[in-house]
Amino acid sequence: MRGADSTWERADLRGARFAGAALDRADFSDADLSDADLTRCVLREARFDRALLCRAQLVQADVFRGSLERADLEEADLRGANLYEVETLEAALRGANLRGANLRMTKLA
């Protein structure tokens with residue numbers, strides 16, 4: 001499995017299982033991660049710009065200073081995720097579960 005600094009741009013990762021993986025600074029821009037399992041992943045400074053994360057599991061994921069600009073997180077599970085200082089410009093969060101997530105310094109617009 002690719003790890004830190006890996007590139008997954010435009011990849012079809014529907015239903016992928018990354019649970020517990022260390023993927024710091026990975027680039028998932030324009031990727032389809034619908035129904036993917038990213039539970040407890042370390043995704044510090046990772047990019048998910050324009051990615052599809054519908055129904056994805058990001059429970060307790062660490063996305064510190066990552067980017068979710070224009071990402072589709074409809075019905076995604078982000079319970080307990082660390083979203084400190086994450087960029088979310090125009091991200092779609094319909095039905096997303098953010099219970100217990102750290103949203104400090106997160107730019108919600």
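Take every Cα-Cα pair in the chain and report what % of them are more than 24 Å apart.
Pairs farther apart than 24 Å: 7 percent.
Report the label-to-label distance for residue 19 and residue 45 in nanometres (one decimal), using points 7 Å from each Cα along the Cα→Cβ vector.
Placing both labels 7 Å beyond Cα along the Cβ direction yields 2.9 nm.
What is the list of residues in the range 48-89 whose amide nitrogen lies under 16 Å from a point 7 angstrom out from the Cα of residue 10, following Cα to Cβ?
49-52
Values in this text are rule-based calculations from the coordinates and carry no lab data. Since the model is a prediction, treat every value here as computed from it, not as a measurement. Cβ: placed from backbone, ideal geometry, glycine included. Neighbour counts: every protein chain shown.
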